[in-house]
1. In nm, give the distance between the simple-model label positions of residue 141 and residue 23, each being 7 Å from the Cα along the Cα-to-Cβ direction.
2. Can you list the chymotrypsin sites (Phe, Trp or Tyr not before Pro) in segment 16-108 that are in a DSSP coil and have 13 or fewer other beta carbons within 10 angstrom?
3. Using only Cα atoms and rounding to the nearest 10 degrees, what angle (0 to 90) does helix 132-142 make with the longest principal axis of the chain?
4. How far apart, in nm, are two points set 7 Å out from the Cα along the Cα-to-Cβ line at residue 151 and at residue 60?
5. With every protein chain left in place, what is the accessible area per residue of the chain in square angstrom, probe 1.4 Å?
6. Of 50, 185, 165, which has the largest mean-square fluctuation in a 10 Å C-alpha GNM of the chain?
7. Report the longest stretch of the chain that contains none of the GluC sites (Glu not before Pro) sitting in a DSSP loop with at most 12 other Cβ atoms within 10 Å.
8. Could you size up the charge dipole of the chain around its Cα centre, putting +1 on the beta carbon of Lys and Arg and -1 on that of Asp and Glu, and report it in debye to the nearest 20?
Amino acid sequence: MIDVLDTVKQAYDKSTTQIDKIVLSGKEYRISNVEYYDDVYEEGNIFGTAIAKVLEFEIENTINLEGQEIEYLTGIIVDGITHWISLGNFIIQDVQPNDTTNISKVTAMDYMLKTNIPYITELNYADGTVTLTDVLQEVCSKSALILATSKFTNSTFKVDSNQFAEGTLNRQVIQAVAQISGTVAKIRNNQLYLINPNMI
């Protein structure tokens, strides 16, 4: 959950102007025409999905963004002071420069993108002690993510063998755990959470 000052919440109830920026290598850049997609479920399903947030925006094409990692912040002015809220880190996926306008259209995805790598396990399934939490923890470690949810439905369920065929992605393993636990996998504060929609 994002902590927001009460004054900022109250300001959003009034007519306000939203401003946006990204931070790249410690430098701030204003962006415009922002589209932020949260809670985009694949194929209309809710449970058992690994959701990636998508950020689209426009920026001057003098900045090299190809393959870069950025932080996205949105702000609102309250009594002459801009209050910034970080909506997390994103990895640039596509940059479409327009030489006529000198503006680039950019598409980025959150850290769920890091899980689009082959599932290669070092867990010893044969010893009968591997749990769903162990599987998820290994996937997070190999995807350079931090697992924020350690307790979830069936978290201690013992997995007696590697259930994933060659070519399975870490994201698909996360989806499988989300299905078994009746949750949605999502990145918040740059960490992986298993969220039960019934408890939000």
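The values are calculated or read from the model by the stated rules, or taken from the named source; none is laboratory data. As the structure is a computational prediction, the values presented were derived from the model and not from experiment. Glycine gets a Cβ as well: all are built from the backbone with ideal geometry, and neighbour counts include every protein chain shown. Side chains included, ligands, DNA and RNA excluded: accessible areas come from the protein's heavy atoms. Shrake-Rupley method; radii C 1.70, N 1.55, O 1.52, S 1.80 Å.
1. 2.9
2. Qualifying residues, ordered by number: 41.
3. For 132-142 against the chain, the angle is about 50 degrees.
4. 5.1
5. Per residue, the chain has 57 Å² of solvent-accessible surface.
6. Comparing 50, 185, 165 in the GNM, the peak value goes to 165.
7. 1-65
8. Result for the chain is approximately 360 debye, rounded to the nearest 20.
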